[in-house]
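J.: The following block contains the structure, expressed as structure tokens.
The values are calculated or read from the model by the stated rules, or taken from the named source; none is laboratory data. Computed from a prediction, not measured in an experiment: that's the story for all the values here. Positions of Cβ are backbone-derived with ideal geometry, glycine not excepted, and every protein chain shown enters the neighbour counts. Heavy atoms of the whole protein, side chains included, go into the accessibility calculation; ligands, DNA and RNA do not. Shrake-Rupley method; radii C 1.70, N 1.55, O 1.52, S 1.80 Å.
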Amino acid sequence: SPEAARLAGVVLDESARLDRTVEEGLRYARPTQPRFSRVLADELLAAVAALARAEAAERGVALEVRAPEGLCLVCDPDLLRGALWNLVRNALQSSPANAPVTVEAGRRGRTVWVEVTDRGPGVPPERRGRVFEPFASDRAQGVGLGLPLALSAAHAHGGTIELEEPAGGGARFRIVLPAATEAS
């Protein structure tokens, strides 16, 4: 019956959500040692965008990806891709329909950065000091480990994450990697 099929879908969705929750908890409890390799920023961002396209389309959010050609990172691609995926997923969930989420990479001085910008409500001032704390999520569907995992990945690369409020509203999370992780 249609009702049984709907309930089966709900059970499968919830099972997948619980599986992700347990997996995120284990990753946070046991961070992995990074395995560095040379990666082109545009390829890394394209891989993250490919993961996010279906959710972006479902939410009616445009996903824009920009990286200079030839920008090379020396990073753990799995770790950095996971960090970016967490940032992109948060941005998609925060963004209103027809608003863009931008994923961009660049170079500034002796650092390389990758940032995710949304046009959602932004992070309230009273929450800014807590966004990277485990289990601090306000979302019903969130566990509160996405941002702590992203920060942990940035730290594993000798970098950090900056939170900004763009001029047009929303939030911008920027992973900044030091020159040591940049290909010369």
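J.: Filter the trypsin sites (Lys or Arg not before Pro) in the stretch 61-132 to those in DSSP coil with at most 12 other Cβ atoms within 10 Å of their Cβ, and list the result.
T.: Arg110, Arg130
J.: Is there a quick way to get the dipole size of the stretch 58-109? I mean about its Cα centre, with the Cβ of Lys and Arg at +1 and of Asp and Glu at -1; what is the value in debye to the nearest 20?
T.: 140 debye
J.: Under 5 Å between amide H atoms, partner at least 5 residues away or on a different chain: which partners does Leu63 have, H built in plane at 1.01 Å?
T.: Excluding prolines and chain starts, which carry no amide H, the hits are Val101.
J.: Another one. Quick query: amide H of Phe132 versus all other amide H atoms, modeled in the peptide plane; which residues come in under 5 Å with a sequence gap of 5 or more or a different chain?
T.: Residues meeting the amide H criterion: none.
J.: Also, I was wondering about something else. Obtain the nm distance between the two label points defined at Ala5 and Val74 by a simple spin-label model: each point lies 7 Å from its Cα along the Cα-to-C-beta direction.
T.: The two pseudo-label positions are separated by 5.5 nm.
J.: Further, regarding this structure: Roughly speaking, what is the stretch gain from Glu164 to Arg38, that is 0.36 nm per residue apart minus the C-alpha to C-alpha distance, in nm to one decimal?
T.: 42.6 nm
J.: Write down the accessible area per residue of the stretch 35-115 in Å², having rolled a 1.4 Å probe over the full set of protein chains. Numbers along the way, then the final one.
T.: Details: 3840 Å² over 81 residues.
That works out to 47 Å² per residue.
J.: What FRET efficiency would be calculated for the residue pair Glu126, His155, taking the C-beta separation as r and a Förster radius of 22 Å, to the nearest 0.05?
T.: Values: r = 25 Å, r/R0 = 1.11.
Computed FRET efficiency for Glu126 and His155: 0.35.
J.: Whole-Hz Karplus ³J(HN,Hα) for the stretch 78-85, in order, using 6.51 cos²θ - 1.76 cosθ + 1.60 and θ = phi - 60°, x for Gly and Pro?
T.: The phi angles translate into 5, 5, 5, 4, x, 4, 5, 4 Hz.
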